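Encoded as structure tokens, the structure appears first; notes follow it.
Nothing in this text is a laboratory measurement; each read-out follows from the coordinates by a stated rule. Here the structure is a predicted model, which means the values were calculated and not measured. Positions of Cβ are backbone-derived with ideal geometry, glycine not excepted, and every protein chain shown enters the neighbour counts.
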């Protein structure tokens, strides 16, 4: 992935990430589809990780695996290892929440947990950028 025009591209990743997190928050408030909420939490964190990589002028392949992205981030800042457990938790919601054969319905409690994890992880990454 080219990292030309780094500042503009970085901002675009963060805006998209913030939109995903806001969408998840709205879905939670409105008691919307739980699978969609969990998917947007995953997407928010994925885009924050990619934003961190763009900010640091690091290339990355088209991938959605949060652990893979964390390992790239760890090359820049070893402290990314601290968020591995949260990333492992969120990673399952990328595929599991998007595709049949089973329709997943997550409890309100699980949705709250997933949203909380996403908020903590995005806060961690934001502090590393700013």
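Here is how the numbers come out for the structure above:
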item: For the range 59-130 versus the range 12-48, the gap between their alpha-carbon centres in whole angstrom; result: 11
item: Folded to 0 to 90 degrees: helix 6-29 orientation relative to the chain principal axis, Cα; result: 10
item: Degrees, to the nearest 10: 84-96 long Cα axis against longest axis of the chain; result: 60
item: C-alpha long axis of helix 108-129 to longest principal axis of the chain, angle in °; result: 10
item: Computed [θ] at 222 nm, helices only, for the chain once each DSSP H run of length n ≥ 4 contributes -39500 (n - 2.57); result: -23500 deg cm²/dmol
item: Length released on extending from residue 88 to residue 15, taking residue separation times 0.36 nm less the Cα-Cα span; result: 23.9 nm
item: Relative contact order of the chain, pairs being alpha-carbon contacts under 8 Å that are 6 or more residues apart, as %; result: 31
item: Sorted by Cβ neighbour density within 10 Å, fewest at the top, the residues 123, 64; result: 123, 64
